[in-house]
Amino acid sequence: MFTELNSILNESPENFSTGEFVLLSDRQSDASFLIHHFLGFYLRAGCQVCFVGLAQSLSHYSAVSQRLGVSLSQAKEKGQLVFLEGLNESLSILNPDGARPGSQAMDFLRNPGAGLRSLFQSVHSSLTSQGAESGSLRPPALLVDDVSVLQSLGVSVDSVLDFSHYCRALVCSQLKGNVVMLLRCDGEDDDDDTGSEESSERLLRGLTHQCSLSLSVQGLPTGYCRDIHGQLEVWDRRRQADGQDQKKTTFQYKVHDKGASFFAPGTSSAVL
């Protein structure tokens, strides 16, 4: 969890907005540090967390969280964290020689026409049953890392958007919790290609339309810099619902081993 980012978003584990759909995206950079931030944030806040790990294994997230002062193993033992092993389960299904049959959550790999209904049902079951058992009084949180993997596995853009819509209806509207999804974008816009309807750009536009807060990570327009890793654009779309102009703010950042620093463009000590 990054305290500077909490200040930028004006939130803390003790006091944060609920019913929000937060979209994380990156282009020519790596926004994975943001998913680690929100994972630690909601666990520290005492929320019931369902994490759909499509990009990495549980051991990877555990190692990073440990450096940030959060124990995923303890959270799992307490029933606070439910980790859906999307990566390993996908390998079990795609590898016919695998010893494990794979879980119901990844059934769309066996029957692509069914969409992501089985994955949503697993999320629904995890948040409703586990939340009741743990007795958590804080709103739940659903984290997905990352939805572009679903495209790589042959899932259509429409199915991914339907999945995000149902997750938002369940978590944000019904359970009054928050959803955080990470999307990795292609380096180029392929709208002119024959497969444009399945492009990451179309998925990005669809998810952006649904979200209330967008955090977009990009590489520096000037190229590589050892002391500045990229720039973060914060787009607060919640203001539009209040009849205000949507607010976009840009920061530059540097990721450390146990955190990250954020600063206004051009104000880093490395360029002064």
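The values are calculated or read from the model by the stated rules, or taken from the named source; none is laboratory data. Computed from a prediction, not measured in an experiment: that's the story for all the values here. Cβ coordinates were reconstructed from backbone atoms using ideal geometry, including for glycine residues, and neighbour counts include every protein chain displayed.
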* Asked: Any idea which of ARG205, ARG239 is modelled with pLDDT of 90 or more and outside any strand (DSSP E or B)?
  -> ARG205
* Out of all the residues in the stretch 109-126, which are in contact with a helix residue (DSSP H, G or I) (Cβ under 7 Å, 6 or more places away or on another chain), in a helix (DSSP H, G or I) and touching a residue at least 24 places away in the same chain (Cβ under 8 Å)? -> LEU109, LEU119, PHE120, SER122, VAL123, HIS124
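Matching residues to (1) touching a helix residue (DSSP H, G or I) at 6+ places or on another chain (Cβ under 8 Å); (2) surrounded by 23 or more Cβ atoms within 10 Å (Cβ to Cβ):
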{"residue": "TYR61", "(1), (2)": "yes, yes"}
{"residue": "LYS76", "(1), (2)": "no, no"}
{"residue": "GLN80", "(1), (2)": "yes, no"}
{"residue": "PHE83", "(1), (2)": "yes, no"}
* Test each condition in (1) modelled with pLDDT under 90; (2) within 26 Å of CYS172 (Cβ to Cβ); (3) not charged (D, E, K, R) for LEU81 and report the one that comes out false. => (1)
* To do: Having 3 or more residues that are closer than 21 Å to VAL217 by Cβ is the bar; report the helices (runs of 4 or more DSSP H) wholly within the stretch 15-94 that clear it.
  => 32-44, 58-67
* Write out, first by first residue and then by second, each pair whose Cβ atoms fall under 7 Å of each other, whose residues are 6+ apart or on separate chains, and whose first residue, in the stretch 143-172, is over 14 Å from CYS50 (Cβ atoms) while the second is part of a loop (DSSP other than H, G, I, E, B) and small (Gly, Ala, Ser). => ASP146/ALA55; VAL149/ALA55; SER159/GLY115; ASP162/GLY115
